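Scroll down for the structure; my scribbles are underneath it.
The values are calculated or read from the model by the stated rules, or taken from the named source; none is laboratory data. Small disclaimer: the values here were computed from a predicted structure and weren't measured. Counting neighbours? That spans all protein chains shown, and the Cβs are built from the backbone with ideal geometry, glycine included. Accessible surface is based on the protein model in full, side chains and every heavy atom, while ligands, DNA and RNA are left aside. Shrake-Rupley method; radii C 1.70, N 1.55, O 1.52, S 1.80 Å.
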Amino acid sequence: MIDGVAQVCDSFEQVPRRIVLDIDDTCDPAHGHQQLALFHAYYDERCFLPIHIYEATSGKPVAVILRPGKTPDGTEVVLVLRHVIGAIRRRWPKVDILVRGDSHYGRPEAMAWCERHRVAYVFGLAGNKVLLARVTALAETAALERVEGEAAKVRRYDEFRYAAKSWNVERRVIARVEASDQGSDSRFVVTNLRGAPRWLYEDVCCARGQAENLIKAHKRHLASDRTSCSKATANQFRLVLHTAAYWLLHTLRGLAPKRSFWRDAQFDTLRLAFIKVAGRVTELATRIKVALPSSYPYRDSLILLAARAAKPP
């Protein structure tokens with residue numbers, strides 16, 4: 001895990017002013033009797049729930065951690081954050097860090113730890129009777145505005161101080177209420193950031209959805225859910241190898257020109273176009289020669305990316 005942090009830090013040409021860490025987990029179905037495999041009622045199967053952490057602005061993987069198939073508790077979340085953020089701060093003591101995650105990462109232990117260590121956070125917050133009661137008037141206003149024809153979908157925002165029974169202090173809660181033809185929908189996030197409620201929800205919190213695409217690239221495009229070994233250590237090593245493959249394709253994509261099609265291509269597209277290709281490799285005294293089929297359609301792109309990859313940093 002710490003080596004992954006070092007890889008991310010080394011990849012930046014200069015120390016950034018702020019980094020954003022998106023943390024989430026994903027269902028990894030188990031294959032028979034394996035260490036750490038547990039039955040998860042939500043997914044209705046035995047599985048692992050590996051934690052993925054990405055640097056959001058660049059999409060670089062910070063850590064991928066194999067873990068049991070159960071929702072992480074506050075102690076586990078703090079343990080992961082302490083190791084990852086501690087390693088980053090040892091390299092970059094003054095960098096500002098923002099952590100974003102779903103509601104099951106917004107544990108009181110995790111929020112308290114972030115507050116003590118100068119770490120900003122935006123976590124989802126599960127709705128309850130108390131929270132819904134706080135936005136009843138706002139929800140009615142949004143519904144009336146929609147009926148009056150202001151728009152097909154009306155959104156309104158609010159903020160207030162709130163403390164759940166498991167919290168020892170009040171924290172800032174952002175509420176988003178939406179009225180549409182599907183009815184009324186209320187969502188909440190808890191944060192220690194300053195800023196307008198609408199900006200915090202739409203621009204900061206909702207951007208966390210990109211982490212799902214990054215997990216998809218790791219899990220589906222690079223097949224990192226093939227954790228079929230019986231030992232947990234072997235499956236963790238598999239995740240390390242798949243993360244190395246992620247770095248390879250992420251770096252390859254970054255070598256493409258900014259306006260090139262390849263700059264935004266999915267990893268499976270890059271893999272099929274540039275790696276999973278039949279060819280003849282000849283090792284000479286001073287160079288390696290690769291002969292590709294005459295019908296290969298991406299010859300010019302491959303030559304360009306290979307030339308850029310061979311150029312010293």
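Give the residues of region 88-103 that are in a strand (DSSP E or B) and open to solvent by 10 Å² or more (accessible area, probe 1.4 Å), sorted by residue number.
Correct list: D96, R100.
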Point to revise | Selection count, region 255-267, where residues are open to solvent by 40 Å² or more (accessible area, probe 1.4 Å) and not polar (S, T, N, Q) | key: 7
Check your understanding: Only one of (1) open to solvent by 20 Å² or more (accessible area, probe 1.4 Å); (2) more than 24 Å from S11 (Cβ to Cβ) fails for G106. Which number is that?
Key -> (1)
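Matching residues to (1) in contact (Cβ under 8 Å) with a residue 12 or more places away in the chain; (2) outside any loop (DSSP other than H, G, I, E, B); (3) open to solvent by less than 40 Å² (accessible area, probe 1.4 Å):
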residue: L248; (1), (2), (3): no, yes, no
residue: L270; (1), (2), (3): yes, yes, yes
residue: A278; (1), (2), (3): yes, no, no
residue: A285; (1), (2), (3): no, no, no
residue: V290; (1), (2), (3): no, yes, no
residue: Y296; (1), (2), (3): yes, no, yes
residue: L302; (1), (2), (3): yes, yes, no
residue: A306; (1), (2), (3): no, yes, no
Check your understanding: Going through region 39-88 one residue at a time, which ones are of a type in the set (D, E, K, R), farther than 26 Å from S166 by Cβ and touching a residue at least 12 places away in the same chain (Cβ under 8 Å)?
Key -> E45, R46, E55, K60
Review point. Given I53, I85, which one is farther than 25 Å from D225 by Cα, surrounded by 15 or more Cβ atoms within 10 Å (Cβ to Cβ) and β-branched (V, I, T)?
Key: I85
Review point. Restricting attention to region 206-244, which residues are hydrophobic (A, V, I, L, M, F, W, C) and closer than 26 Å to V99 by Cβ?
Key: C206, A207, A211, L214, I215, A217, L222, A232, L239, V240, A244
Check your understanding: From V78, V62, which residue is under 23 Å from K216 (Cβ atoms) and either part of a helix (DSSP H, G or I) or open to solvent by less than 10 Å² (accessible area, probe 1.4 Å) (or both)?
Key -> V62
